[in-house]
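The values are calculated or read from the model by the stated rules, or taken from the named source; none is laboratory data. All values derive from a computational prediction rather than experimental measurement. Please note: Cβ atoms are built from the backbone with ideal geometry, for glycine as well, and neighbour counts cover all protein chains shown. Just the protein is used for accessible areas: all its heavy atoms, side chains included, with ligands, DNA and RNA removed. Shrake-Rupley method; radii C 1.70, N 1.55, O 1.52, S 1.80 Å.
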Amino acid sequence: MARRSFSLLKTLTKPTTSFSLTPTPTSRSVTYMPRPGDGAPRAVTLIPGDGIGPLVTDAVEQVMSAMHAPVYFEKYEVHGDMNRFPAEVIESIKKNKVCLKGGLKTPVGGGVSSLNVSLRKELDLYASLVNCFNLPGLPTRHENVDIVVIRENTEGEYSGLEHEVITKFCSERIAKYAFEYAYLNNRKQVTAVHKANIMKLADGLFLESCREVATKYPSIKYSEIIVDNCCMQLVSKPEQFDVMVTPNLYGNLVANTAAGIAGGTGVMPGGNVGADYAVFEQGASAGNVGKEKMVEQKKANPVALLLSSAMMLRHLQFPSFADRLETAVKRVISEGKCRTKDLGGDSTTQEVVDAVIANLD
């Protein structure tokens, strides 16, 4: 069982330390007092994307409508085989500050750049966050897994420039974000993942930045681990990790590994955030576009994007709506009656959506 409710990009309420299917009056947090006007509906740019993207983004739209969430979507068609993001889409995100997106298929080889990567660089979404945790009622090989992987998102090999080294500026700001996140979410440890024994300049600079920032957060334990050993430790004893901060390429590998350990990429939420904008999407990238058969049968798992949209609601300062959505999703998983194939069931996307709506408080 997760130690706390899944993590936020912007903390608004104190994280809970347990999950109950039947909330009691005493379980409510001290009230959230909004500023006048905070209840005004917010525009969110929506990119359904490729593969299972239209299925799972439609699931989010249905649930948001059912609980009368104060958001409305500006929808745009974008596909991974496009040369670039349409200018009107970028303008919409910059205006709204927040985007929800499905996966965009990235062609392998051929010199075609990833639109996912280009969007992060265009908006300077320098921090990627993936929360990998055990869901109540979903059996996994390991228990007590609650890992947050925070990865630098804009430079290094994964940014598309294969020989670009990481810089002091970007290393410092991702380290600051990781420690600030841990501090605001009552996390106890930050672990820097690196390969500084070989990549002495680039990863050495990354570690130097992490160590400097760590001195400013004495209440948070700081540790370091080489990425090789990290992968082995993840599959053998994942519960030892709390917040992990990584350079770009390692973070993608670590996040997908942690997601597979905790229940699969179909249930792990995530997002990308910078100083001005935030884009929420399925947390772990493996399988976020999906196979054609899954799309044809309409059996994609919407849980990851539903939980990512709950993160989005907290980011927009709508914490009670986020709590309702998260609680409903966890109830459905715990009951075990409606699960998609990746979770051992045979439910369709729509059946999971209907079950989540039926469990909304």
Might you let me know whether the stretch 76-91 holds any residue that is more than 17 Å from Arg314 (Cα to Cα), open to solvent by 20 Å² or more (accessible area, probe 1.4 Å), in contact with a His (Cβ under 6 Å, 6 or more places away or on another chain) and part of a loop (DSSP other than H, G, I, E, B)? no
Please identify the pairs in which a residue from the stretch 215-227 that is touching a residue at least 40 places away in the same chain (Cβ under 8 Å) has its Cβ atom under 7 Å from the Cβ atom of a residue that is surrounded by fewer than 18 Cβ atoms within 10 Å (Cβ to Cβ), counting only partners at least 6 apart or on another chain. Ile220/Tyr183; Ile220/Lys188; Ile220/Gln189
Filter the stretch 163-185 for residues that are outside any helix (DSSP H, G or I) and over 18 Å from the mean Cα position of the chain (by Cα); which is surrounded by the most Cβ atoms within 10 Å (Cβ to Cβ)? Ile166
Strands (runs of 3 or more DSSP E) contained in the stretch 207-311 and holding at least 2 residues hydrophobic (A, V, I, L, M, F, W, C): 221-226, 243-246, 278-282
With the checklist (1) open to solvent by less than 10 Å² (accessible area, probe 1.4 Å); (2) at pLDDT 95 or above in hand, flag the one item Ala262 doesn't pass. (2)
Could you give every pair whose Cβ atoms fall below 9 Å, whose first residue belongs to the stretch 193-206 and is within 14 Å of Cys230 (Cα to Cα) and at pLDDT 80 or above, and whose second residue is open to solvent by less than 20 Å² (accessible area, probe 1.4 Å) and among the polar types (S, T, N, Q), counting only separations of at least 6 or pairs across chains? Val193/Thr246; His194/Thr246
Filtering the stretch 228-256 down to residues that are open to solvent by less than 50 Å² (accessible area, probe 1.4 Å) and without any contact (Cβ under 8 Å) to a residue 12 or more places away in the chain yields Gln233
Within the stretch 276-300, take every residue that is open to solvent by less than 10 Å² (accessible area, probe 1.4 Å) and more than 18 Å from Val44 (Cα to Cα) and give me the one that is nearest to the chain's Cα centre (by Cα). Ala284
Of the criteria (1) in contact with a strand residue (DSSP E or B) (Cβ under 9 Å, 6 or more places away or on another chain); (2) closer than 22 Å to Gly266 by Cβ; (3) part of a loop (DSSP other than H, G, I, E, B), which one Asn131 fails: (3)
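Scan the stretch 265-293 residue by residue and report those that are of a type in the set (A, V, I, L, M), at pLDDT 90 or above and out of contact with any helix residue (DSSP H, G or I) (no Cβ under 6 Å at 6 or more places or on another chain).
From the stretch 265-293, those of a type in the set (A, V, I, L, M) are 267-268, 273, 275, 278-279, 284, 286, 289; that's our starting set.
Adding the requirement that they be at pLDDT 90 or above leaves 267-268, 273, 275, 278-279.
Val273, Ala275, Val279, listed by residue number.
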Complete set of residues in the stretch 44-62 that are on the phi < 0 side of the Ramachandran plot, not charged (D, E, K, R) and not in a strand (DSSP E or B): Pro48, Ile52, Gly53, Pro54, Leu55, Val56, Thr57, Ala59, Val60, Gln62
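Determine whether the stretch 332-348 contains at least one residue that is under 16 Å from the mean Cα position of the chain (by Cα) and open to solvent by 30 Å² or more (accessible area, probe 1.4 Å). Give the steps one after another, and end with the answer.
Taking the stretch 332-348 as the starting set, the residues that turn out to be under 16 Å from the mean Cα position of the chain (by Cα) are none.
Looking for residues that are under 16 Å from the mean Cα position of the chain (by Cα) and open to solvent by 30 Å² or more (accessible area, probe 1.4 Å), one finds none in the stretch 332-348, hence no.
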By residue number, the members of the stretch 16-43 that are over 20 Å from Ala328 (Cα atoms) and either at pLDDT below 65 or touching an Asp or Glu at 6+ places or on another chain (Cβ under 7 Å) (or both) are Ala43
